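The values are calculated or read from the model by the stated rules, or taken from the named source; none is laboratory data. Note that the coordinates shown come from a computational prediction; the quantities given were computed from them, not determined experimentally. With ideal geometry, Cβ positions are generated from the backbone for all residues, glycine too; neighbour counts draw on all protein chains shown.
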């Protein structure tokens, strides 16, 4: 009897979770349309944007750079060991630069921002939702989308590409450090290989990917926050779910963007 009750309860919780997730997803899509409309019509609070630029950029910069530096060193250790074994010393920097700059740096940077900033967006807005501060904004004839969502979305879309470019530069320094001091490669050989393999188009793709990742993080964080229920427990659950959902969408977007940007390039080179 108890087992049947537990199974019935688990099925109910699973259905509730799925319905809740799709509800939040639809709200987030609708939110994205509202944000685009308000940007096109010029309904932008520049003061709030500056506040969130600091939150997204400066508050995340140290973590992003530290992770990028060590990620660059780790990736170089793995790639250099194999390439040197096969006598491809001159390709160490290029192999590192292509993989790290195209994929690893944008995804790692977005992951850090999703965990630090996206969760904060969901928690802050979620707390306002459960404490009825959102309703108070309506009473004051202030649209929550204009006041809470649009500045956060713009700030993320601006700062993610900037943070990612810094991440790429610091990651290359980390790779150079390992290549020189552990594998005794000449700095000029490593950097020349990076310059040969890494072109302007790669930097453009980094900026495009980061812009889209920033849009995903901000919209998911705000959407999950605005649909928060259940008091303080619900706020914590919304923040956690926002981070996990952002990660899923980031990887999905990264796959399709990589397929779109580099698939034809690979066919042409082959």
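Computed quantities for the displayed model
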quantity: Contacts under 6 angstrom Cβ, first residue in segment 24-45 being closer than 13 Å to residue 226 by Cα, partner at pLDDT 85 or above and not in a helix (DSSP H, G or I), 6 or more apart; calculated: 24/227; 27/227
quantity: Residue 180 vs. criteria assigned to a helix (DSSP H, G or I), over 30 Å from residue 27 (Cβ atoms) and either out of contact with any helix residue (DSSP H, G or I) (no Cβ under 6 Å at 6 or more places or on another chain) or in contact (Cβ under 8 Å) with a residue 40 or more places away in the chain (or both); calculated: no
quantity: One residue from 209, 233 being over 13 Å from residue 121 (Cα atoms) and under 11 Å from the mean Cα position of the chain (by Cα); calculated: 209
quantity: Meets criteria (closer than 30 Å to residue 42 by Cα, in a helix (DSSP H, G or I) and at pLDDT 90 or above) for residue 121; calculated: yes
quantity: Residue that is farthest from the chain's Cα centre (by Cα) [pool: residues in segment 192-202 that are buried (at least 16 other Cβ atoms within 10 Å of the Cβ) and assigned to a helix (DSSP H, G or I)]; calculated: 193
quantity: Criterion violated by residue 142 - all others in (1) within 23 Å of residue 35 (Cα to Cα); (2) part of a helix (DSSP H, G or I) satisfied; calculated: (2)
quantity: Qualifying residue in segment 4-23 (condition: part of a helix (DSSP H, G or I), at pLDDT 80 or above and surrounded by 14 or more Cβ atoms within 10 Å (Cβ to Cβ)); calculated: no
quantity: Residue 228 within 24 Å of residue 33 (Cβ to Cβ) and either over 21 Å from the mean Cα position of the chain (by Cα) or in a loop (DSSP other than H, G, I, E, B) (or both); calculated: yes
quantity: Among the residues listed as 212, 216, 208, the single one being within 24 Å of residue 29 (Cα to Cα) and either in contact (Cβ under 8 Å) with a residue 60 or more places away in the chain or surrounded by 22 or more Cβ atoms within 10 Å (Cβ to Cβ) (or both); calculated: 216
quantity: Some residue of segment 85-99 being surrounded by fewer than 24 Cβ atoms within 10 Å (Cβ to Cβ) and closer than 30 Å to residue 144 by Cβ; calculated: no
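Table: residues versus (1) buried (at least 20 other Cβ atoms within 10 Å of the Cβ); (2) in contact (Cβ under 8 Å) with a residue 60 or more places away in the chain; (3) in a helix (DSSP H, G or I).
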position: 47; (1), (2), (3): no, no, yes
position: 53; (1), (2), (3): no, yes, yes
position: 56; (1), (2), (3): yes, yes, yes
position: 61; (1), (2), (3): no, yes, yes
position: 64; (1), (2), (3): yes, yes, yes
position: 74; (1), (2), (3): no, no, yes
position: 79; (1), (2), (3): yes, no, yes
